[in-house]
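Trainee: Below: one structure in structure tokens.
Since every read-out is calculated from the coordinates, none of them should be taken as a lab result. What you see is a predicted model; the values in this text were computed from it and never measured. Backbone-built Cβ (ideal geometry, glycine too); neighbour counts: all protein chains shown.
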Amino acid sequence: MRTIAIKMLFGDTAKFYGILLGLSFATLLIAQQASIFVGLMSRTYALIEETPQADLWVTDPTMQFVDDTKPMQVTALQRVRSVDGVGWAVPLFKGLLVAKLPSGARQICDVVGVDDASLIGVPARMIKGDVSVLRKPDTIIIETRGARSRLAQPINPANPTGPKRPIEIGEELELNERRAVIGGIAETKPTFQNVPTIYTTYSRAIGFAPANRRTLSMILVKAAPGVSVTELRDRIARETELAVYTPDDFAWTTITYWMTQTGIPINFGIAIALGFLVGVAIAGQMFYNFTLDNLKYFGAMKAMGATTGRLLGLVALQGAVAGVLGLGLGLGVTSIVGLAIPGDKLAFKMTWHIPVIAAAAVIFIVVASSLFSMRRVVQLDPSEVFQG
Amino acid sequence: MSEPANSIVCNEVFKTFGVGDSMVRALRGVNLEVRFGEMMALVGPSGCGKTTLISILAGLLQRDEGELAVLGTDPSALSNHERTVWRGANVGFIFQQFNLIPQVSILENVAVPLLLRHHPKRDALDRAAKLLEEVGLKGRELTRPNKLSGGQQQRVAIARALVTGPRLLVCDEPTSALDGATGQKIMGLIRELTAAAERVVIVVTHDERIYHFADRIAHLDDGRVTHVSTPAEALAESAQRMGDAAKRH
């Protein structure tokens, strides 16, 4: 009987495709918008993910998120290093600076200055060159997306608005009137600000930056062997009165800022809610109409000895099949869209939570519409089959 | 308990729908006896209570008052669930509009009553195929209902009604959607396939051309069985009525 119930669903082509379209479109909207939201949020803490060596991040207590740099006095580094249990502590500079490109154009860049000695904080995946180039004078490393896009240079210098080529190793930029030579190109995770990131040494970075008494953006800390990271975090915070985060805490602090201080979650929330409503409006209504159309057959089945429970089971099966197919199709299209559009064009990150959320939404739509449909089946009087 | 001689006994059966001003007395004391092996036609004007009576006999509705025994059971005394199970085991239905599921083959349509009772699929389909052969549709098993003529669809409905081997077959206007010749063939088929001593067939009809297939005709009017006649008597009465009407005009 289950096969017949499924054939009834598939056989009503117009309604079946309507239900499928409604459910898959709802899934697509929910999953895609949620994936873009998660993708955007994950970009806000890309720097933390790019620096896995650090157990702890020490910042000014007023700093609200990764890009909200509030420089500290350089003495903060010594204070942190003096805390018992610190294996090593290195400085990190982070700031937006205007770069003058070889073509003469200007571009805002995110400059990251890493510890001169250890180079901790430099991206691990070098596409061209080696991190050791930073030991050469005036050298910088840029990331590949920036090299291909915003730092790209016109093929014909006489036509600056014409076709462009990626900027290459050996070419020079100017940062705050100072020469910076590209020594390497690295692969990094996209950032929320979506401006080219330039890596150099800490001392060179503060040379590029406008003169300031406070230049230390963050301190990266590694716990000494055998020292508890959480205990060390609390100890540093207590002894230095600075903010100290584990990487996860720092990432969540950043996400929380964007979630609570911007309209981003509301915008995506509205889109996700619309997807849900589309699912309810189209798929729910179609499924209800499908059941109504088949009510006379259910009535005949009831007359022929089908219990109400048996008929409800068939309606539930039809709803479940439509739900699984709609969900699968919607997630499939979402994944294809996510894979097809390059990561630097679309912030897309489908974590395992997103299919679960989409599935929960589809289950709600299907269960709700099935319950409405089932109500009609329960109320169905089998004697109605004799009423023509 | 031994099987009663009559398969159906109705004694002063009443049925009322609605309350107050909207109350309709559909049955006002129906008395009727139908024997095993008999085909009984229920005839009468629209609104006389035919459909209500077969619904009660088939266990689709419950009587309000009176005594009722159908195949030795009073279906109105059973719970909803028990009546559903009783119907599935004992009653076959042939509907005016066939009620065949359009999205599945006629083989699956015929197997539906068995599958609803959790019968093994293979066996249900085998039995359905055998019934389709008996109604003359061998070779068309995988056809969808909408590819068949009205007469062929009613043959499928007959096969579906008989697939569970019911002892009571209830036919609601089985020829009303068919032309005269096809109606005769369908009734002949019903008569042929249901000719068994342990089975009873109730046919509701307005079609005088199929009276002769019935063993007896029960005439209903205003919620009561006014009298029971033979088909020949019923046709004679009908001719008399038509003659009287012609004279009046």
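Trainee: With springs only between Cα atoms under 10 Å apart, run a GNM on chain A and tell me which of A:119, A:56, A:317 wobbles the most.
Mentor: A:317
Trainee: Another one. Averaging sequence separations of C-alpha pairs under 8 Å and six or more residues apart, then dividing by the length of chain A, give the relative contact order as a whole percent.
Mentor: 31
Trainee: Another question about this same structure. Please build a GNM for chain A, connecting alpha carbons under 10 Å apart, and tell me which residue among A:171, A:49, A:143 fluctuates the most.
Mentor: A:171
Trainee: Contact order normalised by length for region A:56-245, with contacts defined as Cα pairs under 8 Å and 6 or more residues apart; what percent is it?
Mentor: 37
Trainee: Taking the Cα centre of region A:56-245 as origin, work out the dipole magnitude from +1 charges on Lys and Arg Cβ and -1 charges on Asp and Glu Cβ, in debye rounded to 20.
Mentor: Charge dipole of region A:56-245: 320 debye, to the nearest 20.
Trainee: Sort the protein assembly as shown into rounded, prolate or oblate with this rule: let a ≥ b ≥ c be the square roots of the eigenvalues of the Cα gyration tensor; rounded if a/c is under 1.5, and if a/c is not under 1.5, prolate when a/b is larger than b/c, oblate otherwise.
Mentor: Verdict is prolate for the protein assembly as shown.
Trainee: What ranking of B:138, A:189 emerges when the number of other C-beta atoms within 10 Å of each C-beta is taken as an exposure proxy, fewest first?
Mentor: Fewest-to-most ranking of B:138, A:189: B:138, A:189.
Trainee: Which of A:335, A:8, A:28 sits farthest toward the positive end of the charge dipole of chain A, with +1 on the Cβ of Lys and Arg and -1 on the Cβ of Asp and Glu?
Mentor: A:8
Trainee: Could you give the angle, 0 to 90 degrees to the nearest 10, between helix A:308-340's Cα long axis and the longest principal axis of the Cα atoms of chain A?
Mentor: Tilt of helix A:308-340: around 30 degrees.
Trainee: Name the lysines eligible as straight-distance cross-link partners of residue A:222: C-alpha to C-alpha under 22 Å, and not fewer than 8 places from it in the same chain.
Mentor: Cross-link targets: A:70, A:94.
Trainee: For chain B, restrict the atom set to alpha-carbon positions and state the Rg and Dmax in Å.
Mentor: Values for chain B (Cα only, Rg and Dmax): 18.6, 62 Å.
Trainee: When a/c is below 1.5 the answer is rounded, else prolate if a/b is larger than b/c, else oblate, so apply that to region A:160-292 with a ≥ b ≥ c taken from the square roots of the Cα gyration tensor eigenvalues.
Mentor: Oblate.
Trainee: Using a 10 Å cut-off on Cβ to Cβ distances, tally the other chain neighbours for every residue of B:96-105 and report the average as a whole number.
Mentor: 6
Trainee: Give me the angle, in degrees from 0 to 90, between the Cα long axis of helix A:264-278 and the longest principal axis of the Cα atoms of chain A, rounded to the nearest 10.
Mentor: 20
Trainee: Sort out for me the Cα centre separation of region A:131-157 from region B:1-62, rounded to whole Å.
Mentor: 94
Trainee: Averaged over its residues, how many other protein chain Cβ atoms are within 10 Å of peptide B:52-64's Cβ atoms?
Mentor: Per residue, the average neighbour count from other chains is 3.
Trainee: Anything over 31 Å Cα to Cα? Flag those among A:15/B:15; A:302/B:138; B:121/B:147; A:15/B:130; B:15/B:247, in the order listed.
Mentor: Beyond 31 Å: A:15/B:15; A:15/B:130; B:15/B:247.
Trainee: So what's the angle, to the nearest 10 degrees on a 0 to 90 scale, between helix A:229-240 and the longest Cα principal axis of chain A?
Mentor: Helix A:229-240 and the main axis of chain A meet at about 50 degrees.
Trainee: Sorting check: for A:301-309, A:59-67, which peptide has the highest mean count of neighbouring beta carbons within 10 Å, and how do the rest follow?
Mentor: A:301-309, A:59-67
Trainee: Projected onto the charge dipole of chain B (+1 at Lys/Arg Cβ, -1 at Asp/Glu Cβ, origin at the Cα centre), which of B:55, B:112, B:17 gives the Cα projection farthest towards the positive end?
Mentor: Projecting each Cα onto the dipole axis, the largest value belongs to B:112.
Trainee: Okay, moving on. Taking the mean number of other Cβ atoms within 10 Å as a proxy for protection, how do you rank B:38-48, B:142-152, A:11-21, A:358-368 from highest to lowest?
Mentor: Order by mean packing, descending: A:358-368, B:38-48, A:11-21, B:142-152.
Trainee: Tally Lys/Arg at +1 and Asp/Glu at -1 over every other residue whose Cβ is under 13 Å from the Cβ of residue A:294; what's the total?
Mentor: Taking every other residue near residue A:294 into account, the sum is +3.
Trainee: Still on this structure: Dipole of the protein assembly as shown, Cα-centred, from +1 at each Lys and Arg C-beta and -1 at each Asp and Glu C-beta, to the nearest 20 debye?
Mentor: My answer is approximately 1260 debye.
Trainee: Tell me, A:177, B:108 in order of fewest to most beta-carbon neighbours within 10 Å?
Mentor: Listing A:177, B:108 from fewest to most nearby Cβ atoms yields A:177, B:108.
Trainee: If the elastic network links every pair of Cα atoms under 10 Å, which of A:215, A:191, A:161 fluctuates the most in the Gaussian network model of chain A?
Mentor: A:161
Trainee: Determine, for A:37, A:287, the number of other Cβ atoms within 10 Å of each Cβ, and report the residues in order from fewest to most.
Mentor: A:37, A:287
Trainee: What does the average come to when, for each residue of peptide A:371-383, you count the partner chain Cβ atoms lying within 10 Å of its Cβ?
Mentor: 2
Trainee: Looking at region A:223-282, which GluC sites (Glu not before Pro) are DSSP coil and have at most 16 other C-beta atoms within 10 Å of their C-beta?
Mentor: A:241
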